[in-house]
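These notes concern the structure reproduced below.
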């Protein structure tokens, strides 16, 4: 008799946040705003950089976070900036995971003085 293959535990279900919860969570993050509406609603922030190399370094760091969190944002990359947009596609809205990932991305940037 053969042993059945190991199974991976199911991903935790993410629950869409209410409008009130989204606004409350947004107030705790600096510079993030709502983008889109309906199933395409997301939180978004644009990060500015001195040059393309620094922009791409940031993009690679965001990619690392996305892989670690298994939550992948949309990225719009330009020479001196990158817009990061999070939403949770499987629930067609914004979840706590989006805000947790946004905070991790914010931590990549040194605070401005």
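Out of everything in the stretch 19-29 that is surrounded by 13 or more Cβ atoms within 10 Å (Cβ to Cβ) and in contact with a strand residue (DSSP E or B) (Cβ under 9 Å, 6 or more places away or on another chain), what residue ends up being farthest from residue 91 (Cα to Cα)?
Among residues in the stretch 19-29 that are surrounded by 13 or more Cβ atoms within 10 Å (Cβ to Cβ) and in contact with a strand residue (DSSP E or B) (Cβ under 9 Å, 6 or more places away or on another chain), the one farthest from residue 91 (Cα to Cα) is 29.
Tell me whether the stretch 75-84 contains one or more residues that are modelled with pLDDT of 95 or more, assigned to a loop (DSSP other than H, G, I, E, B), within 27 Å of residue 20 (Cβ to Cβ) and more than 10 Å from the chain's Cα centre (by Cα).
No.
Do you know which residues across the stretch 85-113 are modelled with pLDDT of 95 or more, assigned to a helix (DSSP H, G or I) and either more than 16 Å from residue 23 (Cα to Cα) or over 8 Å from the mean Cα position of the chain (by Cα) (or both)?
96, 101, 103, 104, 105, 106
Out of everything in the stretch 30-45 that is closer than 21 Å to residue 70 by Cα and at pLDDT 95 or above, what residue ends up being surrounded by the fewest Cβ atoms within 10 Å (Cβ to Cβ)?
Per the stated criteria, the residue is 41.
Quick grid of which residues meet (1) farther than 26 Å from residue 51 by Cβ; (2) exposed (fewer than 14 other Cβ atoms within 10 Å of the Cβ); (3) out of contact with any helix residue (DSSP H, G or I) (no Cβ under 7 Å at 6 or more places or on another chain); (4) in contact (Cβ under 8 Å) with a residue 40 or more places away in the chain:
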| site | (1), (2), (3), (4) |
| --- | --- |
| 67 | no, yes, yes, no |
| 70 | yes, yes, yes, yes |
| 73 | no, no, no, no |
| 80 | no, yes, no, no |
| 91 | yes, no, yes, yes |
| 96 | yes, no, yes, yes |
| 102 | no, no, yes, yes |
| 109 | no, no, yes, yes |
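Give the residue that is nearest to residue 105 (Cα to Cα), with candidates limited to residues of the stretch 32-45 that are touching a helix residue (DSSP H, G or I) at 6+ places or on another chain (Cβ under 9 Å) and without any contact (Cβ under 8 Å) to a residue 40 or more places away in the chain.
Of everything passing the filter in the stretch 32-45, 33 is nearest to residue 105 (Cα to Cα).
Return the total of residues in the stretch 46-58 being crowded, with 17+ Cβ neighbours inside 10 Å and either free of Cβ contacts under 8 Å to residues at least 40 places away in the same chain or more than 19 Å from residue 87 (Cα to Cα) (or both).
Qualifying residue count, the stretch 46-58: 3.
The values are calculated or read from the model by the stated rules, or taken from the named source; none is laboratory data. Just so it is clear, the structure is predicted and the values come from calculations on it, not from any experiment. Neighbour counts are summed over all protein chains in view; Cβ atoms, including those assigned to glycine, are modelled from backbone coordinates with ideal geometry.
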